[in-house]
Amino acid sequence: MKKFAVVLIVLAVVLAVGAGTVIPRYNRLVELENNIEARWAQVENQLQRRADLIPNLVSTVQGYASHEQEIFTEVAAARSRLLGANTPEASMEANQGLDSALGRLLAISEAYPDLKADTSFIRLQDELAGTENRIAVERMRYNDSVEVWNRSIRQFPTVLLAGMMGAEARSYFQAASGAAEVPQVQF
């Protein structure tokens, strides 16, 4: 009977220590995952804000450069792909296409001095620049959250719990390849 009591006490201590280790780690993983989702929601908010500005920008440029129909179609298609994206990865890919199309749209404005002086266009350009800055900030915050998550699920002993939870590494939101390049427009 005495051995049985000792075994029960040892078992209770092991379970208490195990629970004291597992429960906080589990809660931390849940917190980190929720943080990533919240950060991604902020990225989506800013992407939506930019997508909402685009029709006004296109309309303003179209008034001056109506013969540039190809770029207007490309911007509209890229915007639709972004709005229709269902996952962060799909949104990131669609965003790269929209970045490229917007770059070409804004480059067109260089050939139209009247457009560059239009107050509506200037205001929209400023709004778009402010939104791009917000996107960059939210993208950085999202990537910071992803970095903490990815590091956490790979550290021992959390890696064991993460494996049982089915936790997987998340993708970073990276700038589009060639984003530093200035678009070339031929007239």
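Here, each number is a calculation from the coordinates, and none is a lab measurement. Because the structure is a prediction, the values reported are computed rather than measured. FYI the Cβ positions are ideal-geometry reconstructions off the backbone, even for glycines, and counts take in every protein chain you see.
Each residue of segment 28-34 was assigned a 3J(HN,Hα) from its phi angle through the Karplus expression (A = 6.51, B = -1.76, C = 1.60, θ = phi - 60°), giving 5, 5, 4, 4, 5, 5, 5 Hz with x at Gly and Pro. Each residue of segment 118-127 is assigned a 3J(HN,Hα), and the resulting list reads 5, 5, 5, 5, 4, 4, 5, 4, 5, 4 Hz, derived from the Karplus form 6.51 cos²θ - 1.76 cosθ + 1.60 (θ = phi - 60°), x at Gly and Pro. Placing dummy labels 7 Å off each Cα toward the beta-carbon, the span from residue 156 to residue 133 is 4.7 nm.
Comparing 107, 45, 69 along the charge dipole axis of the chain, the residue lying farthest to the positive side is 45, per the Cβ-charge model. Summing Cβ point charges (Lys, Arg +1; Asp, Glu -1) relative to the Cα centre of segment 2-165 gives a dipole of roughly 1320 debye.
Think of it as helices only: each DSSP H run of n ≥ 4 in the chain is worth -39500 (n - 2.57), and spread over all residues that comes to -28000 deg cm²/dmol at 222 nm. Whole-Hz Karplus values for segment 85-93 come out as 5, 9, 10, x, 5, 5, 5, 4, 5 Hz, taken residue by residue from phi with 6.51 cos²θ - 1.76 cosθ + 1.60 and θ = phi - 60°; glycine and proline positions read x.
Volume per residue for the chain equals 111 cubic angstrom (convex hull of Cα atoms).
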